[in-house]
Amino acid sequence: MTKQTYEDYKYFLQDAGYFYVGSKYTLREITECEDILFKFRKVTAESILPKFTETDTLETVLYYLEPGNFVFQVLKQMGAQVRVSMLSRKKSLFGKEKESYVTKYIGIKELVSISEEDKKKLGVVIQELKGSKLALLTV
């Protein structure tokens, strides 16, 4: 019998200006994975890991992030955006309200401004972290 592991949202992609990290990576996996940019691994090891445990996922770090936190300052400096899915209410043409999940990128400031209770009400699911390569060099 083979052991299956949960690999959804464990990825690293990059293009000319941005990098994308899946939210299910643990902080230890980020620091050890050679496919991830060295500078991001170094920032994770030196700035994020001391404030959290090795087994915390990127998703939990982003979900429970607070505005005065040093990690928030690092991510803001990096130009981080977070791809989230959350409940959205829309009115149809006939006035009925319809709830559906909407996936979009929001800035790190906007994510931190949503309280933990509101995140639970909205059903916020964090999918990935997007950062600027150029801004990463300044961190």
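Since every read-out is calculated from the coordinates, none of them should be taken as a lab result. Source: prediction; values computed, not measured. Cβ placement follows ideal geometry from the backbone for every residue including glycine, while neighbour counts extend to all protein chains displayed.
Below are the figures for this structure:
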{"quantity": "Full-extension gain in nm, residue 92 to residue 138, via 0.36 nm per residue minus C-alpha separation", "calculated": "12.0 nm"}
{"quantity": "GNM top mover of 107, 123, 17 - the chain, alpha-carbon springs below 10 Å", "calculated": "17"}
{"quantity": "Potential lengthening between residue 120 and residue 99 on full extension [0.36 nm per residue; Cα-Cα distance subtracted]", "calculated": "6.1 nm"}
{"quantity": "Pair residue 85, residue 46: separation of 7 Å Cα→Cβ label points (nm)", "calculated": "3.6"}
{"quantity": "Under the Karplus curve 6.51 cos²θ - 1.76 cosθ + 1.60, θ = phi - 60°, whole-Hz ³J(HN,Hα) for the stretch 42-52, x wherever Gly or Pro sits", "calculated": "5, 4, 4, 5, 8, 10, 8, 4, x, 8, 10"}
{"quantity": "Positive minus negative residues near residue 54 (Lys, Arg vs Asp, Glu; Cβ under 13 Å)", "calculated": "-1"}
